Structure formats: structure tokens, C-alpha cells
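Working notes, structure below.
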Amino acid sequence: GAGVSQSPRYKVAKRGQDVALRCDPISGHVSLFWYQQALGQGPEFLTYFQNEAQLDKSGLPSDRFFAERPEGSVSTLKIQRTQQEDSAVYLCASSSDINYGYTFGSGTRLTVV
Amino acid sequence: DQQVKQNSPSLSVQEGRISILNCDYTNSMFDYFLWYKKYPAEGPTFLISISSIKDKNEDGRFTVFLNKSAKHLSLHIVPSQPGDSAVYFCAASVTGANSKLTFGKGITLSVRP
């Protein structure tokens, strides 16, 4: 597609519920990133894929967070047993060359109640 | 500990004047710097970047200056336009580190007509 597509745009989850956030990157982009942006903060790195390989997951805050990109295109970020502190905007980005920066999606705003 | 700092949360300038947005960093390993612009309910959009081997990069109305010894960079927008009103994020990376970006908290720029 023309841009990075994320779905859903908004998600309200009850505490303890599992959620899955989807990212459809720009076609042909090898690199895919997930970031978490809390209110009033800058985006914070969660994890990075090169094709289907998850090369860096150092930013995932706990083992409740899991990301996959099984065929090297669409990626899913899963959060198990959501907690209130998980409330944030989750941004996905893809890149072919860091010199041109990433292209971010519009994000998924997760609210845990 | 924040490695990328944008100490001013907001800036207001008159249309046609210069906007100067500042950013400081602490990690001397950073060697690539980017500025992103973000409108409400959208993902960040890449604006301009600079490698540590340069001290200036210009693209139209946007110029980024890098002072490595001071670990400081700035974004100049000349002339400022009302459409430039947005949140601006400074970001930095270490080449080879999977292009993971470390972001500042952002600064809200308001350009008054």
C-alpha cells in the first residue's frame, strides 16, 4: 500500500483482556518497528524486525508483550492480560533506508479500563 | 535517564519569522539525528536528518544544525507558516544498531498568523 496501515485505530480493553494490534507496512520494506507512545512523551522503541526475523526485542516492557511477523510483511503486536499502564498509542513504522527515516502509521490508541 | 532531551515543551512564533527548536543528547555513540513532525491523530512524519559527519543539512525552509562537541542540535524553520504548527520530535540513532531511534519528548510549535 501507499503507507503504513494500522488497525484498529482505537481499542478499549478491560483490564486482564488480551489484545492484538495489526500493522501492514509499506510493500517491500524490509525493516519494521513497533513503538509505544505514552501521553506527553516521545515514542519509545519496543521491537524491530528485519523481514520475518525479530532482531531486537529489548524494548518490550514485559513478557506479556509479544510481536510476530511470520511472513515478513504484516506484523502483530499482542499484549496479554492488559493493565492500565499499557494505555498508550502503539506506533508501527517501516523503512527501506534509515537515511530517509521511517514511515510511521497513524497508530492504535489503546485504553485499558 | 533521557538520552535525548527537548527541554522546552512549547514555542510560539509569528508567521514569517524564524522558528528554532532545540535538542540535546547525552549518548556520545549517537551518530545519526532526525526530526519528525506530528499532527494530532497522525503518526510522526519524517522531516529532515543529519549525519554526525556533517554540521548542517538544509531542505527548503528547514535546516538542521549539529554541534557534536556540545551534543546539541537545532531545527530552524524559515519562514514559519501556520501549517508548521505541530509537535516536533528530535530522534537519534547509533548506526548499525538496527536503526532503533531514541526520541525526545517533543516540542509543540504554534505559528501565529
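Read-outs throughout are calculated quantities, based only on the coordinates presented, and are distinct from any laboratory measurement. Please read all numbers here as calculations on a predicted model, not as lab measurements. For neighbour counting, all protein chains shown are included, and Cβ atoms are generated from backbone atoms with ideal geometry for every residue, glycine included.
Condition check for residue B:49 on (1) within 14 Å of chain A (Cβ to nearest Cβ); (2) touching a Cys at 6+ places or on another chain (Cβ under 9 Å): one failure, at (2).
Within the range A:20-43, the set of residues being closer than 22 Å to residue A:82 by Cα, more than 10 Å from every other protein chain (Cβ to nearest Cβ) and buried (at least 19 other Cβ atoms within 10 Å of the Cβ) comprises A:21, A:23, A:34, A:36. Scanning the range A:44-60 for residues that are surrounded by 13 or more Cβ atoms within 10 Å (Cβ to Cβ), closer than 24 Å to residue A:84 by Cβ and not acidic (Asp, Glu) gives A:45, A:46, A:47, A:57, A:59, A:60.
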